[in-house]
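Derivation of every value follows stated rules applied to the coordinates shown; laboratory data play no part. Keep in mind the model is a prediction, meaning the values are calculated, not measured. Using ideal geometry, Cβ is built from the backbone for each residue, glycine included, and neighbour counts are taken over all protein chains shown.
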Amino acid sequence: MRMGCLPLASAQLGQDLRIRSVKTYEACHTQRLRELGLLEGRTVRLLSNHDPMICQVGECRFGLCRRIANGVLVEPLAPLHSRIA
């Protein structure tokens, strides 16, 4: 796992996250996540931490089961007030 990265399932609610890796145990799930827009370098936000988890990429919101969300590695982006300075 990359330094500073964590599974999407462990991310903080409402924080903007940069996707660093998308790799699930089943290739068909990985492909479907990519079709939904979960691509390396994109920004994702976790809106609900229940099972299924609700995520947002761009204007699209969708649910992911926790098991699949564990295959998406993300890193937190700096809080807004840190990016302005």
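Order by neighbour count: Glu75, Glu35, fewest other Cβ atoms within 10 Å first, most last.
Sorted ascending by nearby Cβ count, the order is Glu35, Glu75.
Can you work out the FRET efficiency for the pair Glu75 and Ala27, with r the C-beta to C-beta distance and R0 = 22 Å, to the nearest 0.05?
For R0 = 22 Å, the calculated efficiency reads 0.40.
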A chain fully extended from Thr43 to Gln15 at 0.36 nm per residue, minus the present Cα-Cα distance, gains in nm 9.1 nm
Select one label from (i) 7.5; (ii) 10.8; (iii) 5.5: the one whose number is mean projected area of the Cα convex hull in nm² as derived from the coordinates shown. (iii)
Relative exposure of Arg18, Arg61, judged by other C-beta atoms within 10 Å (fewest first): Arg61, Arg18
Based on Cβ point charges of +1 for Lys and Arg and -1 for Asp and Glu, what charge dipole magnitude is obtained for the chain about its Cα centre, in debye rounded to the nearest 20? 100
